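Structure record follows, encoded as structure tokens.
The values are calculated or read from the model by the stated rules, or taken from the named source; none is laboratory data. Remember, predicted model here, so these are calculated numbers, not experimental data. Positions of Cβ are backbone-derived with ideal geometry, glycine not excepted, and every protein chain shown enters the neighbour counts. For the accessible areas, the whole protein counts, side chains as well, though only heavy atoms, and no ligand, DNA or RNA atoms are used. Shrake-Rupley method; radii C 1.70, N 1.55, O 1.52, S 1.80 Å.
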Amino acid sequence: MGALADAVLLAAVAVGSVRSARAMLRASWPRRSPAAAILLWQSLGLAGGLAAVGALLAIGVSGPGTQLGVVGGLTELAERVASGQLLAPHQSPPLTVARLVFLTAGSALLTVLCWVLIMAFVEAVRARRRQRELLALLAHGDPKVPGALVIDYPTAAAYCLPGIRSQIVVSVGTLDLLGPAELTAVLAHERAHLRARHDLVLIPFTSLRRAFPMSAGVAEAHRTVALLVEMMADDRALRVRGLLARELATALVRFGTAGSDCAPAGALAVAEGEGELTARVRRLLTPPPPLSRTTQAAIVLVAALVVATPLLLFVAP
Amino acid sequence: MEVLWQTDSALTVRQVSNGLDQRELAHTTVMTVLDRLAKKGFARRERDGRAWRYRPAATREAYVAELMLTALDQTGDRVAALARFAQSVSGAEAEVLREALTGVEGHEDAVLDGNAVLDGNAGQEGDIGIGLWGHWPTRYC
């Protein structure tokens, strides 16, 4: 018993997280309450990572003659290192090559996951700083879009720059393309992203893509969560008084189809997620019924349990 | 930077000062700003006797392009910004989207007006009549 049993359970949690994630990719309920779905996604990601690392470390500290759990085993190992007795014979359990391999693997995985998360954050900050420099040089205001910056770019484009000094940026092409109600919709949508700090929500998933760039599953998960985030911003934007869902949908359609009759000059090539825009527009025009409050509460509870399980297994004896 | 972009030649601080709209800016202020721009890499400078002459490091269009390309990064990282409000879609999907939008409108017209969808153009602000779709190819190509 002890760490080895914990290892098996942790491995089960890891596998379970991956299976659940796959199921969520195919499910249709997330669109009904994107906020709850995103919470569950985040908990699955966190639990999966913790469990995978934990399973490897648990095997590394397991062995006959010990009843210590994962944390207990790691502490004991640390004590051995501190007292210089790591490789001394007659230790219980002895540090075999096999166990060393698992300990290294577990530590390596933990390091990689933390590293990509930090790097993703650092790069985002760096890129945003550059954006702000360029905007200071190039952007101006326009009464049609109060509070936003305008760039002299002929194609329709709009985005937001998150951070402490957040900005909404809109191209001149957008001002030509959309009417006043639609511009309000665009601003409301981007503002929703900024207020709810959706950039922080997405960063774990972008960092996972850096860690596992070849994995199609990770890419799909990232795309799905990004779409849910857009839907969340759509929902939040509609809370603006007087803004109709149809105005937002019109803005989206005009935006997305502006370049469809000719090749766009710049970077706005056909996006990777075909059908995502359609999904959003359809959802706005014929909104699916949101999940009941009870169901949403249940999902939150499940998310909490999902994260708590590997943590409990760490400290369990 | 605007002044620098307007000419092809390298300008001194005084020439930049003269070119600005706000003539009240102190000479030292202009000098400081140009110095900062040079340090950040937006302006290049060369010595001309005792003075510096400034020219832009790249054209305005180049910077706008850099701004838009990085902001609307298609790699899926979405590093800098929560990207584009909406992605561009292909012709087939565009048709589907337009139909979805006008389909809803047509239905609403029939319900509200009592007139048939023969009306075509709802005629209210913010609505898009079918006629508007036809403007796009000429305007945005």
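Using Cα springs under 10 Å in a Gaussian network model of chain A, which residue among A:S17, A:S107, A:S33 shows the largest mean-square fluctuation? Answer for the Gaussian network model of chain A: A:S107.
Solvent-accessible surface (1.4 Å probe) assigned to A:V53 amounts to roughly 10 Å².
Restricting the count to DSSP beta bridges whose residues both fall in region A:127-180, what percent are antiparallel, rounded to a multiple of 5? Display every interim value, and only then the final one.
On the way: 5 of 8 bridges.
Close to 60 percent.
In the elastic network of chain A, a GNM with C-alpha springs shorter than 10 Å, the most mobile of A:G63, A:G275, A:G84 is A:G84. Name the most mobile residue of A:E247, A:E276, A:E79, meaning the one with the largest mean-square fluctuation, in a Gaussian network model of chain A with Cα contacts below 10 Å. Highest fluctuation of the listed residues: A:E79.
Rounded to the nearest 10 square angstrom, A:R209 shows an accessible area of 60 square angstrom against a 1.4 Å probe. Here the Karplus curve 6.51 cos²θ - 1.76 cosθ + 1.60, taken at θ = phi - 60°, turns the phi angles of region A:173-185 into couplings of x, 5, 5, 6, 7, 9, x, x, 5, 5, 4, 4, 5 Hz, with x standing for Gly and Pro. Inter-chain Cβ neighbour count for A:158-171, averaged per residue, equals 3 (cutoff 10 Å, partner chain atoms only). Beta bridges from DSSP with both residues in region A:110-266: antiparallel share about 60 percent, rounded to the nearest 5. Counting only Cβ charges, +1 for Lys and Arg and -1 for Asp and Glu, the dipole size of region A:124-263 around its Cα centre is about 660 debye. Using a probe of 1.4 angstrom and keeping all protein chains present, the accessible surface of region A:158-317 works out to 43 square angstrom per residue.
The distance from the alpha carbon centre of region A:211-238 to that of region A:2-16 is 29 Å, rounded to a whole number. Take the accessible area of chain B alone and of chain A alone, subtract that of the pair, and you get about 5600 Å² summed over both chains, using a 1.4 Å probe.
Using 1/(1 + (r/R0)^6) with R0 = 30 angstrom and r between the beta carbons of A:E79 and A:A308, what's the FRET efficiency to the nearest 0.05? Each step should come with its number before you reach the end.
Values: r = 27 Å, r/R0 = 0.92.
With a Förster radius of 30 Å, E is 0.65.
When the Cα positions of A:L228, A:V53, A:T75 are compared along the charge dipole of chain A, A:L228 comes out farthest toward the positive end, with charges on each C-beta of Lys, Arg, Asp and Glu. Over region A:1-50, Cα pairs under 8 Å with separation of 6+ residues give a relative contact order of 50 percent. Relative contact order of chain A: 26 percent, from C-alpha pairs under 8 Å at least 6 residues apart in sequence.
To the nearest 20 debye, what is the magnitude of the charge dipole of chain A about its Cα centre, counting +1 on the Cβ of each Lys and Arg and -1 on the Cβ of each Asp and Glu? Intermediate values should be presented prior to the final figure.
On the way: 29 positive and 20 negative charges, 98 e Å.
With only Lys, Arg, Asp and Glu charged at Cβ, the dipole is about 480 debye.
Under 5 Å between amide hydrogens, built in the peptide plane, is the criterion, and for A:Q167 it picks out A:L161 among residues at least 5 positions away or on other chains.
Could you tell me which residue out of A:V172, A:P204, A:P154 lies farthest along the dipole of region A:150-221 toward its positive end? Charges go on the beta carbon: Lys and Arg +1, Asp and Glu -1, centred on the Cα centre. Positive-end residue among those listed: A:P204.
Rounded to the nearest percent, how much of the accessible area of region A:1-54 (1.4 Å probe, protein heavy atoms only) is carbon and sulfur? For region A:1-54, the apolar C and S fraction of the accessible surface comes to 67 percent.
Assigning unit charges at the beta carbon (Lys, Arg +1; Asp, Glu -1) and nothing else, what dipole magnitude in debye, to the nearest 20, does region A:151-231 show about its Cα centre? Each step should come with its number before you reach the end.
Values: 7 positive and 7 negative charges, 85 e Å.
Charge dipole of region A:151-231: 400 debye, to the nearest 20.
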